Amino acid sequence: MNRGGLETMLMNYYRQMDRSKIQFDFMVHREEDGHYDDEIRRLGGRIYRMPKIKPGNYRKYFKLLDQFFNEHKEYKVIHSHINENSSFVLRAAKRAHIPCRIAHSHLSDLSLDYKLPFRIYAKTSMKNQPTHYFACSIKAGEWLFGKNVSKSDRVQVLNNAVNTSEFRFDPKKRAQIRKELGLKENQLAIGHIGRFNLQKNHKYLVDIFQEVHRRRPDSVLILAGDGVLRGKIERKVEELELTPFVKFLGVRNDVPDLMQGFDLFLFPSLYEGLPVVLVEAQAAGLPCVVADTITKEAKITDTLLYEDLENPPSLWAEKILDLDVTRMETTEELSSKGYDTESMAGWLTDYYKKYYVAK
């Protein structure tokens, strides 16, 4: 439970739940503590640790899943958020006769790596394991469950909602965070928050910023997050002689404040489900320039604009520099469209209670 988009979305809902009615416990696949673990325990949740899901480890993992569900008969609702690997968890839950088994899709594609054949196997094993199908967007639902399931209205889209009040624009917070980041009043601050992995396309993001910086030398790129490709991106920035103008912040626990300090949010991902961070950026009233590979459902407000990922970085730079970066008030619009956790947590509570079968 680190500070990724999915994990943050779960915590957004968890904090707003009436925990006298619904309690979340978490099964994770890491031995080390995550950023949210202490908060989960404070809120009354339990954390169960399983081994990593990886080729060569399946037999042990499947055995431990069966053992877990046989030992924990108290659980009647299992809500799995691990995309195609949900098929393994829900298969074990089905064998244990757990009545409500929710598979939740948060992606719209898979990376091309050595795990791909195993992940395709997991995806094709999904059939008949869930009793209910959730997705963060229609596109994500079609990807994991197939168009036939999606078109049959069996997929429930659960919005990646946020606490909109945390992101409402505040000029005082903006001045404070920009001072902390060493930004001058009129500098153009382009922000990005995300894991340093292939999906997020940081290499192309830096190429876009290089074009922006060539046209506007006072511009700054702010990158929050961590991951396996961070070192490679840092070296690229150095080779392009952009080091003084790119800030690597690492993992942050003050994302709402960071959003206040940005002037624009840049997000050229190769694929996504419906990114929580784009909901957050729009809640902050930030202009967002994002790849056209991202579902059109991500455009909740008029602050978000799409750009063709096939276009050269120079065209992205032109669009960025043509934008009016004046903040918009978007809180009410997001709330009315179901992207505020306060209202959506009540809906999810009722959903769980409706399908909870006590035996």
Among 169, 145, 118, the residue with the largest mean-square fluctuation in a Gaussian network model of the chain built from Cα contacts under 10 Å is 118
Taking θ = phi - 60°, what integer Hz values does the Karplus form 6.51 cos²θ - 1.76 cosθ + 1.60 yield along region 204-210, in sequence order, with x for Gly and Pro?
5, 4, 5, 4, 5, 4, 4
For the chain, calculated [θ]222 nm from helices alone, where every DSSP H run of n ≥ 4 adds -39500 (n - 2.57):
-12000 deg cm²/dmol
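Once you sort the root eigenvalues of the Cα gyration tensor of region 12-164 as a ≥ b ≥ c, which label holds: rounded (a/c under 1.5), prolate (a/b larger than b/c) or oblate (the other case)?
Working: a/c = 1.41, a/b = 1.13, b/c = 1.25.
The shape class here is rounded.
Compute the length gained on full extension between residue 48 and residue 66: take 0.36 nm times their separation in residues and subtract their Cα-Cα distance, giving the result in nm to one decimal.
Numbers: separation 18, 0.36 × 18 = 6.48 nm, distance 1.39 nm.
Gain on extension, residue 48 to residue 66, equals 5.1 nm.
How high is the relative contact order of the chain, given as a whole-number percent (alpha carbon pairs under 8 Å, six or more residues apart)? It would help to have the intermediate numbers written out before the result.
Working: 616 pairs, mean separation 64.8, N = 359.
It rounds to 18 percent for the chain.
Is the chain rounded, prolate or oblate when judged by the Cα gyration tensor, a ≥ b ≥ c being the square roots of its eigenvalues, rounded requiring a/c under 1.5 and prolate requiring a/b larger than b/c? Could you put the intermediate results ahead of the total?
Details: a/c = 1.89, a/b = 1.63, b/c = 1.16.
Prolate shape, in that a/c is at least 1.5 and a/b is the bigger ratio.
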Listed by chain and number, the residues whose amide H is under 5 Å from that of residue 293, excluding neighbours fewer than 5 places away on the same chain and using placed H, are 309
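Give me the percent of the accessible area of the chain that comes from carbon and sulfur atoms, probe 1.4 Å, all protein chains in place. Walk me through the numbers on the way to the answer.
Values: 8350 of 17090 Å².
Carbon-and-sulfur percentage of accessible area, whole number: 49.
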Taking a ≥ b ≥ c as the square roots of the Cα gyration tensor eigenvalues, with a/c under 1.5 meaning rounded and otherwise prolate when a/b beats b/c, else oblate, which class fits region 174-225?
oblate
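Between the DSSP loop rule and a limit of at most 15 other Cβ atoms within 10 Å, which trypsin sites (Lys or Arg not before Pro) in region 189-296 are left? Provide the component values of the computation, followed by the final result.
Numbers: sites: 195, 200, 203, 214, 215, 230, 232, 235, 236, 247, 252, 296; in loops: 195, 252.
Those that pass, being in a loop and sparsely packed, are 252.
Given N residues in region 89-226, what is its alpha carbon radius of gyration divided by 2.2 N^0.38 Å?
Details: Rg = 21.2 Å, N = 138, 2.2 N^0.38 = 14.3 Å.
For region 89-226, the normalised Cα radius of gyration comes out at 1.48.
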Suppose the chain between residue 203 and residue 172 were pulled fully straight at 0.36 nm per residue; how much longer would it get relative to their current alpha carbon spacing?
7.8 nm
Specify the residue with the greatest mean-square fluctuation among 44, 194, 261, computed from a Gaussian network of the chain linking alpha-carbon atoms under 10 Å apart.
44
Anchor residue 172: lysines whose Cα lies under 23 Å away (excluding residues fewer than 8 positions away in-chain)
184, 247
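Which entries of 76/147; 60/296; 203/296 have Cα-Cα distances beyond 32 Å here?
Numbers: 76/147 28 Å; 60/296 40 Å; 203/296 23 Å.
Correct reply: 60/296.
Percentage of Cα-Cα pair distances in region 69-142 greater than 19 Å, rounded to whole percent?
The calculated P(r) of region 69-142 puts 35 percent of pairs beyond 19 Å.
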Rounded to the nearest 0.05, what FRET efficiency is calculated for residue 153 and residue 32 with R0 set to 51 Å and r the Cβ-Cβ distance?
0.80
Relative to the compact globular guide of 2.2 N^0.38 Å, what is the alpha carbon radius of gyration of region 1-95, as a ratio?
1.09
GNM of the chain, Cα pairs under 10 angstrom: of 251, 276, 149, the biggest fluctuation goes to 149
Charge tally for neighbours of residue 225 with beta carbon under 11 Å away, counting Lys, Arg as +1 and Asp, Glu as -1, is +4
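The values are calculated or read from the model by the stated rules, or taken from the named source; none is laboratory data. Computed from a prediction, not measured in an experiment: that's the story for all the values here. Note that we place each Cβ from the backbone using ideal geometry, even for glycine, and neighbour counts take in every protein chain shown. Protein only, heavy atoms only, side chains kept; ligands, DNA and RNA dropped before computing areas. Shrake-Rupley method; radii C 1.70, N 1.55, O 1.52, S 1.80 Å.
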